[in-house]
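Worksheet: the structure to be examined is printed underneath.
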Amino acid sequence: MTNGKAQRWIARSGSGLTTKTAALIADEILAMKAARQAVTGKRLVQRASNPSHPLHALFEWDDAKAGAAHRLEQANRYLGAILVLDVRTKLPSRAVYSVTHDEPDASERGRSYEWREKVLGTVPMREQVEVQLFDRMESAMREAVACDFAAHDKAWRKLGEAMKTHVPLAVRKARQKRDE
């Protein structure tokens, strides 16, 4: 439970994680949050490094085969795969979002995973997530165009037109800043 709300943890489709494993990772996220630690892939690897830890088997520990960089990649993928399923609406959303910030405990490249409620309640973080989401939507739209879906379904054409003319303010600001 977070903020007194009943929640069920699930993994994002295609992550290779079971619901049980998603719940174990969610428990680690909650423990880091309770300890007021940044949620990072590095920290998840550190916590799982003990062979008796329930997440230990998720990671490749053969350094000759993979090494520390691969485990960090795995940890970040796992952190991003955890969804919270709203028990009332049955709609899943990410439990944590990867954002850039200046906090001293932020990990590699000044990024860490922040709890959904914090991100949505902090304008700069929320705007980062809006830009990430819109970029993914545009990527999906490009994929739809590449697959020629618009030629077969009017809804795809309308969606593509709407995305060209209705760009969220946060996305416009970020692109303007990037292009300066």
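Out of 77, 47, I need the residue that is charged (D, E, K, R) and more than 13 Å from the chain's Cα centre (by Cα). Which one?
47
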Please indicate, with yes or no, whether at least one residue in region 164-174 is in a helix (DSSP H, G or I), without any contact (Cβ under 8 Å) to a residue 60 or more places away in the chain, outside the structural domain of residue 27 (by TED's automatic domain parsing) and closer than 24 Å to residue 12 by Cα.
-> no
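Matching residues to (1) under 23 Å from residue 121 (Cα atoms); (2) not in a loop (DSSP other than H, G, I, E, B):
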| position | (1), (2) |
| --- | --- |
| 16 | no, no |
| 22 | no, yes |
| 27 | yes, yes |
| 46 | no, yes |
| 52 | no, no |
| 57 | no, yes |
| 88 | yes, no |
| 93 | yes, yes |
| 97 | yes, yes |
Given the conditions (1) of a type outside the set (Lys, Arg); (2) outside any helix (DSSP H, G or I); (3) in contact with a strand residue (DSSP E or B) (Cβ under 8 Å, 6 or more places away or on another chain), and given that residue 76 satisfies all but one, which numbered condition is not satisfied?
-> (2)
Working carefully through the options 69, 81, find the one that is among the aliphatic types (A, V, I, L, M) and at pLDDT below 90.
-> 69
Out of 16, 41, sole residue that is touching an Asp or Glu at 6+ places or on another chain (Cβ under 9 Å) and either surrounded by fewer than 14 Cβ atoms within 10 Å (Cβ to Cβ) or in contact (Cβ under 8 Å) with a residue 60 or more places away in the chain (or both) = 41
If we scan region 120-141, do we find a residue that is loosely packed, with under 12 Cβ neighbours inside 10 Å, assigned to a helix (DSSP H, G or I) and either hydroxyl-bearing (Ser, Thr, Tyr) or at pLDDT below 80 (or both)?
-> yes
From 24, 72, 55, 44, grab the single residue that is among the hydrophobic types (A, V, I, L, M, F, W, C) and either in contact with a Gly (Cβ under 7 Å, 6 or more places away or on another chain) or not assigned by TED's automatic domain parsing to the domain that holds residue 97 (or both).
-> 72
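I'd like to check something: does region 143-156 contain any residue that is without any contact (Cβ under 8 Å) to a residue 40 or more places away in the chain, assigned to a helix (DSSP H, G or I) and touching a strand residue (DSSP E or B) at 6+ places or on another chain (Cβ under 6 Å)?
No; the residues of region 143-156 include none that is without any contact (Cβ under 8 Å) to a residue 40 or more places away in the chain, assigned to a helix (DSSP H, G or I) and touching a strand residue (DSSP E or B) at 6+ places or on another chain (Cβ under 6 Å).
The values are calculated or read from the model by the stated rules, or taken from the named source; none is laboratory data. Predicted model, so just to flag it, every value in this text is computed and none were measured. Every residue, glycine among them, receives a Cβ derived from its backbone with ideal geometry; neighbour counts consider all protein chains shown.
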